[in-house]
Amino acid sequence: MADQPIKHPFERFVGFIGMTSCLRYGYSFIDSERSLPEIFLYLVVGFAVIILLEALGKRLARKLPVVRMRYLTPLYLIYLYVFFTSFYSSSFGFSL
């Protein structure tokens, strides 16, 4: 069994952003006025774009200097705050 290479901390952060953006994008179609085939088309194309942007972001993140994960904790917290606030604000009819 070969050891898995350790991922760059920024690469992990880009993967986290990609995962949460897929969740947020999929959630945006709940209670939509669009038809099911139209929603399916938007989801497939949207997820494909997110995956491509995530792959590009990971490639760029590998070129950044390596930092300790504890220095990225504030970035994770700020991103999670904005992520959860976007759900809260969308339930009241306004968006960030």
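For the range 1-68, the per residue solvent-accessible surface stands at 79 Å², with DNA, RNA and ligands left out and a 1.4 Å probe. Per atom type, the chain shows carbon and sulfur on 69% of its accessible surface, probed at 1.4 Å.
Between Leu75 and Asp31, full extension at 0.36 nm per residue minus the direct alpha carbon distance yields a gain of 12.7 nm. As a size descriptor, the averaged projected area of the C-alpha convex hull of the chain was calculated at 8.5 nm². Each of Ser35, Met19, Ile6 was placed along the dipole of the chain (beta-carbon charges, centred on the mean Cα), and the one lying farthest toward the positive end is Ile6.
The values are calculated or read from the model by the stated rules, or taken from the named source; none is laboratory data. It should be emphasised that the depicted structure is a prediction, and the values quoted were computed from it without experimental measurement. Cβ sites come from the backbone with ideal geometry, for glycine too, and all protein chains shown count toward neighbours. SASA here: full protein model, heavy atoms, side chains in, ligands and nucleic acids out. Shrake-Rupley method; radii C 1.70, N 1.55, O 1.52, S 1.80 Å.
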